[in-house]
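Chemist: Input: one structure, supplied below.
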Amino acid sequence: MNILVINCGSSSLKFQLIDSDSEKVIGKGLCDRIGIEGSGITFTPEGKDKIKKEYPMPDHEAAIKYVIEALTDKDTGVVKSLEEIGAVGHRIVHGGEKFNKATLINEEVIKAIEECNDLAPLHNPANLIGVRACQKLMPETPMVAVFDTAFHQTMPKEAYLYGLPYSYYEKYKIRRYGFHGTSHDFVSHEAASMMGKDYDDCKIIVCHLGNGASVSAVKNGKCVDTSMGLTPLEGLIMGTRSGDLDPAILEFLCDKENMNIHEMLNVLNKKSGVFGLSEDFSSDFRDLEDGYNKGQENCIRAVECFCYRVVKYIGAYAAAMNGVDCIAFTAGIGENTAFVREIIMNYLGYLGIEVDKVNNKTRGESILISTKDSKVKVYSIPTNEELAIARQTLELI
Ligand code: AMP
């Protein structure tokens, strides 16, 4: 069966059509600048060149129409008609406490997702626009919601509660939720199988290091902690996000810089992280690596702070699980940036970890990057959130 995976942002829509038997991508693409001038679609049919077209896309419904048109085009399409698409899997960012697994979408589910909008005001409404648009154009096709937060719902209270008055949790559900759950789920399963261990009987730390970055602790098949919180701002130092900081900094800086809280949060989300630490040089690790190798102090500082924070989370999660069998690096930086992995691994001698310098040079493949006799194994594993969404969609329908 062919499964269409949709990842809908506020002005963009990424899609992949996956054959669930072979798990191959038969077509993928992106609609961007939806609702803005200059909108268009790029589409890559399997084994063929990328096709790029500009169309006016006033809304997501228009975008989905062009997605369907691209997939069914008689010359460059990959299916003959919509009937060849058996189901749609939608990435939904926030499922709050309501969803601990993927769910078949109906009106009740949409209402429950809407009730989580407060927790992800930028993402959930956009995700739902994508759901509605698909429902309109493909009314007979089953749709599944796959949540970024669901995998982390197994965290125990001591991991998800903040040290705040408990009434805020009761009244507003202020707690840690965690994100990138589909990736942590997929990569932790891959890691267990690469170790040759039973998923339900091992301790894994997953470091999802991309522009957004998070670490999770997976013990005996369940997520027991993760670094992102109520929002994706908590935890690691990221591309432009600050990660953890002393909350008193907010008032201090608002006063000193004459900012309101919204402006302050904009700084924490968009101007901080390695971008801010490198004095606005770049949030991209390819640029930072270049600067690091040239001895630029701003890049060295940003990279060292980034790595050190990851190291601290690994230590915390090894303690939380009372041990660790393996560590898996994934996402843009985790899969491709050898020097970052090496800096992090060099801190981990206390876990009996030694870097395999040859294997660690590889990019984008599942590989052991610690030496074979390292006590704790370290892997680089490409994440595949779309495939994970397609698998979960198939399972439900
Ligand atoms: P992501 O958010 O997962 O797409 O990751 C983006 C980050 O991965 C950026 O900081 C990139 O610099 C970094 N990266 C390093 N090498 C590559 C590569 N070959 N392809 C994509 N991203 C890369």
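All of the numbers you see were taken from the coordinates with simple rules; none came from a lab. All values derive from a computational prediction rather than experimental measurement. FYI the Cβ positions are ideal-geometry reconstructions off the backbone, even for glycines, and counts take in every protein chain you see.
Chemist: Going by amide H atoms built from the backbone, whose H comes under 5 Å of the H on Val224, apart from near neighbours?
Modeler: Ala217, Val218, Lys219
Chemist: Before anything else, pin down the relative contact order of segment 1-139: Cα pairs under 8 Å, at least 6 apart, normalised by residue count, whole percent.
Modeler: 23 percent
Chemist: Could you pull out every one of the lysines with an alpha carbon less than 19 Å from that of Lys357, ignoring same-chain neighbours closer than 8 positions?
Modeler: Cross-link targets: Lys372, Lys375, Lys377.
Chemist: Mind putting a number on the dipole of segment 79-211 about its Cα centre? Charges go on the C-beta only, +1 for Lys and Arg and -1 for Asp and Glu, and I need it in Debye to the nearest 20.
Modeler: 340 debye
Chemist: Give the relative contact order (percent, whole number) for segment 164-222; include only Cα pairs under 8 Å separated by 6+ residues.
Modeler: In percent, rounded to a whole number, it is 27.
Chemist: Highest GNM mean-square fluctuation, the chain, Cα pairs closer than 10 Å: which of Gly35, Gly315, Gly196?
Modeler: Gly196
Chemist: According to a simple spin-label model (label point 7 Å from Cα along Cα-to-Cβ), what is the distance in nm between Tyr350 and Leu161?
Modeler: Between Leu161 and Tyr350, the simple spin-label model gives 2.8 nm.
Chemist: Need the full-extension length gain, Glu297 to Asp75, defined as separation in residues times 0.36 nm minus the C-alpha distance. One decimal, nm.
Modeler: Contour length minus the Cα-Cα distance gives 74.6 nm.
Chemist: Also, I was wondering about something else. Compute the length gained on full extension between His262 and Glu54: take 0.36 nm times their separation in residues and subtract their Cα-Cα distance, giving the result in nm to one decimal.
Modeler: Extra length available between His262 and Glu54 comes to 71.4 nm.
Chemist: Let me ask something additional. Run the helix sum for the chain: -39,500 (n - 2.57) per DSSP H stretch of 4+ residues, divided by residue count, reported at 222 nm to the nearest 500 deg cm²/dmol.
Modeler: That comes out to -11000 deg cm²/dmol.
Chemist: While we're here: Based only on other Cβ atoms within 10 Å, what is the fewest-to-most ordering of Ser283, Ser193?
Modeler: The most exposed by this proxy come first: Ser193, Ser283.
Chemist: Compute the distance from the alpha-carbon center of segment 314-379 to that of segment 263-287, in whole Å.
Modeler: First find each Cα centre; the distance between them is then 26 Å.
Chemist: Rank Val376, Val88, Val267 by mean-square fluctuation in a GNM of the chain with C-alpha springs under 10 angstrom and give only the top-ranked residue.
Modeler: Val267
Chemist: About its Cα centre, what dipole magnitude does the chain give when the only charges are +1 on Lys and Arg Cβ and -1 on Asp and Glu Cβ, stated in debye to the nearest 20?
Modeler: Dipole magnitude for the chain comes out near 400 debye.
Chemist: Separate question: Please work out whether segment 1-148 counts as rounded, prolate or oblate from its C-alpha gyration tensor, where a ≥ b ≥ c are the square roots of the eigenvalues and a/c under 1.5 means rounded, while otherwise a/b larger than b/c means prolate and anything else oblate?
Modeler: Cα axes put segment 1-148 in the oblate bin.
Chemist: For the chain, what's the relative contact order in percent, using C-alpha pairs closer than 8 Å and at least 6 residues apart?
Modeler: Once divided by the residue count of the chain, the mean separation gives 14 percent.
Chemist: Tell me the GluC sites (Glu not before Pro) within segment 280-384 that lie in a loop according to DSSP and have at most 10 other beta-carbon atoms within 10 Å.
Modeler: Filter output for segment 280-384: Glu365.
Chemist: What is the Cα centroid distance between segment 81-138 and segment 12-76, reported in whole angstrom?
Modeler: 19 Å
Chemist: If you don't mind, there's one more thing I want to ask. Where does each of Arg286, Arg341 land when they are ranked from fewest to most other beta-carbon atoms within 10 angstrom?
Modeler: Arg286, Arg341
Chemist: Tell me the label-point distance for the pair Thr371, Asp201, using the 7 Å Cα-to-Cβ offset, in nm and rounded to one decimal.
Modeler: About 2.9 nm, to one decimal.
Chemist: Another question, then. Send over the per residue convex hull volume for segment 95-224, Cα only, as a whole number of Å³.
Modeler: Considering the Cα atoms of segment 95-224, their hull volume per residue is 133 Å³.
Chemist: Run down the lysines and flag those whose C-alpha is under 21 Å from the C-alpha of Lys271, throwing out any fewer than 8 positions away in its chain.
Modeler: Output for Lys271: Lys256.
Chemist: Using a 7 Å offset from the Cα along the Cα-to-Cβ direction at both Asp118 and Glu61, what is the distance between the two label points in nm, to one decimal?
Modeler: Inter-label distance under the simple model: 3.0 nm.
Chemist: For a protection proxy built on the mean count of beta-carbon atoms within 10 angstrom, sort 158-167, 19-28 highest first, please.
Modeler: Taking the mean over residues of other Cβ atoms within 10 Å, the ranking is 19-28, 158-167.
Chemist: I want the local charge near Cys8. Using Cβ-Cβ distances under 9 Å, sum +1 for each Lys or Arg and -1 for each Asp or Glu among the other residues.
Modeler: Every neighbour counted, the sum reads +2.
Chemist: Rounded, prolate or oblate: which fits the chain when a ≥ b ≥ c are the square roots of the eigenvalues of the alpha-carbon gyration tensor, with rounded for a/c under 1.5 and prolate only if a/b beats b/c?
Modeler: Rounded, since a/c falls under 1.5.
Chemist: Taking a ≥ b ≥ c as the square roots of the Cα gyration tensor eigenvalues, with a/c under 1.5 meaning rounded and otherwise prolate when a/b beats b/c, else oblate, which class fits segment 5-45?
Modeler: Oblate shape, in that a/c is at least 1.5 and b/c is the bigger or equal ratio.
Chemist: Further, regarding this structure: Considering only Ile105, Ile36, Ile174, give the residue with the highest GNM mean-square fluctuation for the chain, with springs between Cα atoms whenever their separation is below 10 Å.
Modeler: Among Ile105, Ile36, Ile174, the largest GNM mean-square fluctuation belongs to Ile36.
Chemist: Across segment 156-171, in residue order, what do the Karplus-derived ³J(HN,Hα) couplings come to in whole Hz, using 6.51 cos²θ - 1.76 cosθ + 1.60 with θ = phi - 60° and x for Gly and Pro?
Modeler: With the stated coefficients, segment 156-171 comes to x, 3, 5, 8, 9, 8, 8, x, 10, x, 4, 4, 5, 5, 5, 7 Hz.
Chemist: Say the cut-off is 23 Å between C-alpha atoms; which of Lys157/Lys312; Lys98/Lys157; Lys48/Lys74; Lys171/Lys312 go over it?
Modeler: Exceeds cut-off: Lys171/Lys312.
Chemist: Moving on to the next point. Would you list His180, His262, His189 from fewest to most Cβ contacts within 10 Å?
Modeler: His262, His189, His180
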